[in-house]
Structure formats: C-alpha cells, structure tokens
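What follows is a single structure, written as structure tokens, with notes after it.
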Amino acid sequence: MTDALGRIIRRGGRPPEPVGERCDLCVVELPDPHRHLFDTDRHEIRCVCQACSLLFNREAASDGHYRLIPRRRLRLPEVPTAGLGVPVGLAFFIPRSDGTVDAHYPSPAGATRWEVDQAAWRDVVARCPPLADMAPEVEALLVNVAREHSDHWIVPIDDCFALVTLVRREWRGLSGGTRVWPEIERFFADLTEQRR
C-alpha cells in the first residue's frame, strides 16, 4: 500500500518549486527588492510585502511598534566625525527616539556597537544640518574613511546591515584579506541618491 501511494504521489506532478522570501507579517511570497520594517521591541528588521508596507506608512498605524524603513539615500559632503570616538574608518550612526545615538562598525563577528557622546553628536549635527532630519531608528549616517576614502551618506538602516553581512561574508584573517575591501568599494560605488 505504501509503495502504491508513493508511485501515485511521484506521478502527480513536478517537485514543488523552492519558496523565496516571505512577508514576515502576512507570509505572501516577496519580490526582490522589497520593503522592510524595523521592529522597535526586538530591534530587528522584518521583510514586508507592498500591501503590508502601506499599512505602516504612517507611524500611528503600529503605535510605534513597527517603523517603515525609508528608501532615502543622500550623499553628504565630508562629515566631521573625528570627535565621535570611531576607532575604525567604516561605521554607521543610528539616532534613537530617546535622543541617544548608537554607533556601529562592521566586523567579522557582526556589528560592534557603542553609544556616542550626545554633546559630540550635537556638534556634528550643527556642522551638517541634514543629519537633524534623519528618521530615528530607521536611518543612519554611514561613513567610510578607511583606506583614504571619503564616503558620507544618510541611508536606510537595511543598507547598513547589508554592509555588515558583506563584511562578515568576505573578511579573511586579521586585516580582512584581499576580497573584503574591493567588495566594500563596490558597495559604496553602487549607492545611488534617492530623495524622499
């Protein structure tokens, strides 16, 4: 009986197609690219379909629990970040709703985090006014001054975590090896401005 059932099932058609990414809210299959939400309770990024992203286009819809990650990318002139205590040349800064700012830098172990001195951050914002308009939790100042580069951007946080993933995937040895730095350069070369 079991062999017969197996033959019937095998004759029934093609093997199932692999399922791609799904919306974390309604589980519909997602196109690539798709939108993201930031879960403020869990501090995680959630993938969402177009319909679900429209639900959270205004903050009132989720009572602050989910925040739609914007698509804005804005190239900035050089931002004076020396006073922010960045120990490396590649870092991103995320302002929080409570007025604090978290700094992160990509590493082979993931994103290393520390809290930025608030007075130092206010000084940087005074010198670069577009930073005052960043959406808390979901936009970041992304800086690359490693290896004589000078890249300064306001980007959605999902771009920052894509960079973290790239560094984790490509890093070799103590200095990063030969693959990671060309990939980081390509990442910044591929960024394109996108206004609100």
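The values are calculated or read from the model by the stated rules, or taken from the named source; none is laboratory data. These figures come from a predicted structure and were not determined experimentally. Note that each Cβ is placed from the backbone with ideal geometry, even for glycine, and that neighbours are counted across all protein chains shown.
Out of D158, D102, report the one residue that is outside any helix (DSSP H, G or I), within 20 Å of R72 (Cβ to Cβ) and among the charged types (D, E, K, R).
Working: D158 fails: outside any helix (DSSP H, G or I).
Every option except D102 fails the conditions.
Can you say whether L142 is in the same structural domain as D98 (by TED's automatic domain parsing), of a type in the set (A, V, I, L, M), closer than 14 Å to A91 by Cα and not in a helix (DSSP H, G or I), as far as the supplied structure shows? When the stated conditions are applied, L142 passes them. If you go through the range 105-136 and keep only what is under 14 Å from V164 (Cβ atoms) and either assigned to a loop (DSSP other than H, G, I, E, B) or not assigned by TED's automatic domain parsing to the domain that holds L174 (or both), you end up with P108, A109.
For the range 161-196, a residue qualifies if it is within 15 Å of G89 (Cα to Cα) and in a loop (DSSP other than H, G, I, E, B), and exactly one does: S175.
Scanning the range 43-88 for residues that are surrounded by 13 or more Cβ atoms within 10 Å (Cβ to Cβ), assigned to a helix (DSSP H, G or I) and of a type outside the set (A, V, I, L, M, F, W, C) gives S53, E59, S62, G83.
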